[in-house]
Amino acid sequence: MKRLLTFLLLFVMSATVAFGCSPTGGNQQVLSIYNYASYIAPEAIAQFEKENNVKIQYDTFENSDALYAKLKQGNPGYDLIFPADYMVKIMIAENLIEPLNLNNIPNQKNLEPKFINQAFDPGNKYSLPYQWGTMGIGYNVKTVQGEINSWAVMFDPKYTGKVAWQDDARYTLAGVLMYLGFDPNTTNPEEINKARDLLIKSKNIIAAFVPDTGQNMLDQGEVNLTMEWSGDIFQVMTENPNLRYAIPKEGTIIFSDNMAIPKGAPQKELAEKFINFILQPEVGAQISNFTHFGSPNKAAIDQGLIDAKDLKNPQIYPSAEVFGKMKLLEDVGKATALYDRAWTEVKAGAGK
């Protein structure tokens, strides 16, 4: 509830800016951000506004596909966006994001080497990492009656009508593909169709395909199991001791969400200033301690600023062995059409 209230406050603040009712009479610069909900500490926003005499307008999207669809039509005025790893590559190819002036972002030095210079953006010319985490299974330990560790539980008939999946073609199909022993970035139509068929076969087990709100359904008892982002589950776990999160033994998706500047951003330099602000160890830790996602900020970890309970939690910061079983989603090029078609058939066949 506390998180809901803080983000209602954030929404009111953003709406005030959007309608031109700045408390300073409209003399402040406005930094327009497009990000997930519950994905930044409100205190960090307040601090940046105060230190730089600016107002932040914070709009939200449900997934990277929604972000892409919005920007594909032309930037409506956003200065900073937070695309997923594979989406960065797509947006670079389609000229939807601006190159960064890395001279304006000296705090990039604080980042963990394994999260920079990745294949989707060599040299970090267009993006810098923000948060990272995993896609796994959130569950209620009382209703499931024990600990779990496999994607198999998502297909168990004893949970009929009590399982939720992400309403996202790539991520949901990736989880099913990994359960079946396939590469989550496969371009093989037969493998993609096998994942499709398993979901359709399980239609009675599936309660819903949800837009990044599975944690709420789980918390409210509408489902017993949900495919969700690690931090989203850990956020609701703070107020519901019956909830758990599992990284499936078959492997799962690891993601790196990134900060990037969309083409035509009105406040490019201010956006770079905000990126540099986020990469301060204290601010990076503040955000990760709020979201319960992994921090790519090595300096924040080395300085002991990350909550010790989170840092010791292997479901948030997995061991090297578990880390090795996880994969980033990749841009699969023309094979995207195969996933889109399979997903359309899943939604039609499962009737959700």
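For the pair region 57-134 and region 268-333, the centres of their Cα atoms are 15 angstrom apart. Residue separation of THR143 and GLU190 scaled by 0.36 nm, minus their Cα-Cα distance, works out to 13.4 nm of gained length.
All Cα-Cα distances of region 165-263, cut into 10 Å bins from zero to the largest, leave 14, 41, 33, 11, 1 percent in each bin in turn.
Relative contact order, whole percent, for the chain stands at 26, derived from Cα pairs under 8 Å and 6 or more residues apart. Among PRO106, ILE287, ILE253, which residue has its Cα positioned farthest towards the positive end of the charge dipole of the chain, with +1 placed on the Cβ of Lys and Arg, -1 on the Cβ of Asp and Glu, and the dipole taken about the Cα centre? Comparing the listed Cα positions along the dipole, ILE253 ranks first.
Less than 5 angstrom separates the built amide H of VAL210 from those of TRP165, GLN166, ASP167, all sequence-distant by 5 or more or on a different chain.
Each principal axis of the Cα cloud of the chain was taken in turn, and the coordinate range along them, longest first, works out to 59, 44, 40 Å. With q set to 0.17 Å⁻¹, the log10 of I(q)/I(0) for region 229-287, from the Debye formula over equal scatterers at the Cα positions, is -0.82.
With only the Cα atoms considered, region 218-352 has a convex hull volume of 184 Å³ per residue. Among the GluC sites (Glu not before Pro) in region 93-191, those located in a DSSP loop and surrounded by at most 11 other Cβ atoms within 10 Å of their own Cβ are GLU147. Surface exposure of region 26-168, expressed per residue as accessible area with a 1.4 Å probe, stands at 41 Å². Phi-derived couplings, Karplus 6.51 cos²θ - 1.76 cosθ + 1.60 at θ = phi - 60°, listed residue by residue for region 142-159: 6, 6, 7, 6, x, 7, 10, 8, 9, 4, 4, 4, 6, 10, 7, x, 5, 10 Hz, with x used for Gly and Pro. In plain terms, the chain from LYS114 to GLU330 could stretch by 76.1 nm, reckoned as 0.36 nm per residue minus the Cα-Cα distance. For SER32, the residues whose modelled amide H falls within less than 5 Å of its own, excluding neighbours fewer than 5 places apart on the same chain, are GLN57, ASP79, LEU80.
Computed packing ranks the peptides 52-59, 236-243, 129-136 as 129-136, 52-59, 236-243, most packed first, by mean other Cβ atoms within 10 Å. Report the calculated FRET efficiency for ARG341 and LEU102 (r = Cβ-Cβ distance, R0 = 51 Å), to the nearest 0.05. In this case the efficiency is close to 0.80.
Based on alpha carbons, the Rg and Dmax found for region 83-123 are 11.1, 29 Å.
Ignoring solvent entirely, what values of log10 I(q)/I(0) come out of the Debye formula for region 89-187 at 0.10, 0.15 Å⁻¹ when each Cα is a single scatterer? Values, matching the q order: -0.48, -0.83.
The values are calculated or read from the model by the stated rules, or taken from the named source; none is laboratory data. This is a predicted model, so every value here is computed, not measured. Glycine also receives a Cβ, built like all others from the backbone with ideal geometry; neighbour counts cover every protein chain displayed. The protein model used for the area step is the full one, side chains on, heavy atoms only, and it has no ligands, DNA or RNA in it. Shrake-Rupley method; radii C 1.70, N 1.55, O 1.52, S 1.80 Å.
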